[in-house]
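Working notes, structure below.
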Amino acid sequence: MDDEELEELNEEADIAADYLEGLLDVLDYDGDIELGVRNGRPLVQIVADDDTDIKQLIGKDGEVVEALQRLARLAVQQKTGERSGLIVDVDGFLARKRRHLRNLALDAVDDVREDGEPVTLEDMNAYERKIIHDIVRQEGLKSRSHGDEPHRHVTVYLPKDQREAPENEDADVDDFDTDEDYEADLD
């Protein structure tokens, strides 16, 4: 990333921080705003010593954080004319969410390795599904999203070269020539 790109990302974070500070003032919430860039994306974190009010900015399953992120992205787009990949976090919610998703993905990987059967996870948003896909790929397994928003979910399964062949011809096992055939059968 060159200096110009970094400057643009920092500008997006500044715009979002100003917007979010205004919202915190209206809500009469005390919170510090920290800015940064993570993985080539601007990051704004809202933190506080007394987190009672701040916890309300997380909401059930992060719904309020997601709404704040959408609003902050709109504020950035209005000012710059460009869409933003801004990330908004409140009180470390995203780090806790990533840890939970990592554990969920690793549990699914273990289950699939143990019995060879695909594991389908609960409905998730795109951000959550991407984390699952990345971890599953790192572990050497395959995954696929399916369903319609907002009910899309991930299925974790063994790649073809790791699936066991049936011990005898009478076994009731689907025979797939490729991973794509296997994925198509998941629908």
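Observations on the structure shown:
- When residues in region 21-44 are screened for being under 13 Å from ASP89 (Cα atoms) and either part of a helix (DSSP H, G or I) or open to solvent by 50 Å² or more (accessible area, probe 1.4 Å) (or both), 6 of them pass.
- Region 45-63, residues that are over 18 Å from the mean Cα position of the chain (by Cα) and either basic (Lys, Arg) or surrounded by fewer than 19 Cβ atoms within 10 Å (Cβ to Cβ) (or both): VAL47, ALA48, ASP49, ASP50, ASP51, THR52, ASP53, LYS55, GLN56
- PHE93, sole failed condition from (1) out of contact with any helix residue (DSSP H, G or I) (no Cβ under 7 Å at 6 or more places or on another chain); (2) under 30 Å from GLU21 (Cα atoms): (1)
- When ARG73, ARG144, ARG129 are checked against the criterion of being part of a helix (DSSP H, G or I), among the basic types (Lys, Arg) and touching a Leu at 6+ places or on another chain (Cβ under 7 Å), ARG73 stands alone in meeting it.
- Identity of the residue in region 110-149, open to solvent by less than 50 Å² (accessible area, probe 1.4 Å) and without any contact (Cβ under 8 Å) to a residue 24 or more places away in the chain, that ends up farthest from GLU66 (Cα to Cα): GLY140
- For MET1, the conditions (1) touching a helix residue (DSSP H, G or I) at 6+ places or on another chain (Cβ under 7 Å); (2) open to solvent by 80 Å² or more (accessible area, probe 1.4 Å); (3) over 23 Å from ARG129 (Cβ atoms); (4) outside any helix (DSSP H, G or I) are fulfilled apart from (1).
The values are calculated or read from the model by the stated rules, or taken from the named source; none is laboratory data. The shown structure was predicted, so the numbers you read here are calculated from the model rather than taken from an experiment. Every residue, glycine as well, gets a Cβ built from its backbone with ideal geometry; the counts of neighbours run over all protein chains shown. These area figures cover heavy atoms from the full protein model, side chains too; ligands, DNA and RNA do not enter into them. Shrake-Rupley method; radii C 1.70, N 1.55, O 1.52, S 1.80 Å.
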